[in-house]
Amino acid sequence: MLQMAGGRGFPHARLDWRGRQAMVHAIAQQGGRVELEALENLVFEPWREDYEAREDRGREADWAPHLERLRSATGSRASDFDLLAAWFGPYGEQLIPFDGAARALQELQEMNLKLAVVSNVPLPGELYANVLARHGLRQFLHQLFFSYDFGSRKPSPAILRHAMMAVTADPESTVMVGDRRDRDIAAGRSAGARTVWVRSQDGGGPDADASVGALAELPMLLEQWRR
């Protein structure tokens, strides 16, 4: 639905540097002081170690202990969310919807379908939800479920099953749509839902029930399935 800047779900390269500058400013606004270079050892290097282990743990890396270490070292009163929002900000500005996403969601809504996002993200879901709202996509979505907040990540079907319960949908009436076969399609199949792969250069995984070249093709496919 959103094109991740550089194919990643968090800031990197130039956007990482700009985000760190914003984090230093957020620290100063809440009574702290830190040099830009110190953020690597205080926060980002230890977080990356946790992040690399996310697959084995089945959950996202927790920012809380690293941000608490940052507050202790800087004397800042900034909240976890404010610090992460500062870092995310320049990156979030670069996130844009895939072509045809808004129109596809509107058509699906007009088909009286309940639409939910189930997404693996390494940061609080509110940051991504705000981007969806800024681009006018949030209005079409009944529910949003992000792995960082939920405590489980795809390919585990747990977060998808939770989403189905929230929108009162059984597996037989649920369609899981995603561009990662090893995450989205695997989770959908494990949860007993039908699956649609949005074709991409992913690393492989289980076959989906159908595939589309873009989200714009999804309403027509689901209408065919209805018939």
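The values are calculated or read from the model by the stated rules, or taken from the named source; none is laboratory data. Nothing here was measured: the structure is a model prediction, and the numbers come from that model. Reconstructed Cβ throughout: ideal geometry from the backbone, glycine too, with neighbour counts over all protein chains shown.
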(request) For region 169-192, name all the residues that are without any contact (Cβ under 8 Å) to a residue 12 or more places away in the chain and part of a loop (DSSP other than H, G, I, E, B). (result) 170
(request) Output the qualifying pairs, or none if there are none: Cβ atoms under 9 angstrom, residues six or more apart or on different chains, first residue in region 1-20 and touching a residue at least 12 places away in the same chain (Cβ under 8 Å), second residue charged (D, E, K, R) and part of a helix (DSSP H, G or I). (result) 10/16; 11/18; 11/20; 20/40
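What are the residues in region 158-174 that are touching a helix residue (DSSP H, G or I) at 6+ places or on another chain (Cβ under 6 Å) and within 13 Å of residue 194 (Cα to Cα), if any? Quick ask: steps written out before the conclusion?
Here is the first cut: in region 158-174, the residues touching a helix residue (DSSP H, G or I) at 6+ places or on another chain (Cβ under 6 Å) are 159-160, 174.
Passing the criteria: 160, 174.
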(request) Consider residue 153 carefully, then state whether it is under 25 Å from residue 18 (Cβ atoms) and either part of a loop (DSSP other than H, G, I, E, B) or at pLDDT 95 or above (or both). (result) no
(request) Tally the residues that are surrounded by 17 or more Cβ atoms within 10 Å (Cβ to Cβ) and under 22 Å from residue 156 (Cβ atoms), restricting the search to region 60-85. (result) 3
(request) Please specify each residue of region 193-227 satisfying the condition of being part of a loop (DSSP other than H, G, I, E, B), under 17 Å from residue 156 (Cα atoms) and in contact (Cβ under 8 Å) with a residue 24 or more places away in the chain. (result) 193, 205, 206, 207, 208
(request) Considering each of 155, 171 in turn, give the residue that is on the phi < 0 side of the Ramachandran plot and surrounded by fewer than 21 Cβ atoms within 10 Å (Cβ to Cβ). (result) 171
(request) Say whether the condition of being part of a loop (DSSP other than H, G, I, E, B) and under 30 Å from residue 29 (Cα atoms) is met by at least one residue in region 107-115. (result) no
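Return the total of residues in region 1-41 being in contact with a strand residue (DSSP E or B) (Cβ under 8 Å, 6 or more places away or on another chain) and loosely packed, with under 14 Cβ neighbours inside 10 Å.
Result for region 1-41: 1.
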(message) Looking at region 85-118 only, could you name the residues that are more than 16 Å from the chain's Cα centre (by Cα) and at pLDDT below 95?
(response) 99, 100
(request) Out of the residues in region 175-200 that are within 16 Å of residue 119 (Cβ to Cβ) and among the polar types (S, T, N, Q), state the one that is surrounded by the fewest Cβ atoms within 10 Å (Cβ to Cβ). (result) 200
(message) Need the failing condition index for residue 136 against (1) assigned to a helix (DSSP H, G or I); (2) farther than 25 Å from residue 165 by Cβ, just the number.
(response) (1)
(request) Kindly indicate the residue of region 116-133 that is of a type in the set (A, V, I, L, M, F, W, C) and part of a helix (DSSP H, G or I) and also farthest from residue 151 (Cα to Cα) among those meeting that condition. (result) 133
(request) Determine whether region 160-168 contains at least one residue that is within 15 Å of the chain's Cα centre (by Cα) and either of a type in the set (A, V, I, L, M, F, W, C) or assigned to a helix (DSSP H, G or I) (or both). (result) yes
(request) Select, from 15, 39, the only residue that is assigned to a helix (DSSP H, G or I) and within 21 Å of the chain's Cα centre (by Cα). (result) 15
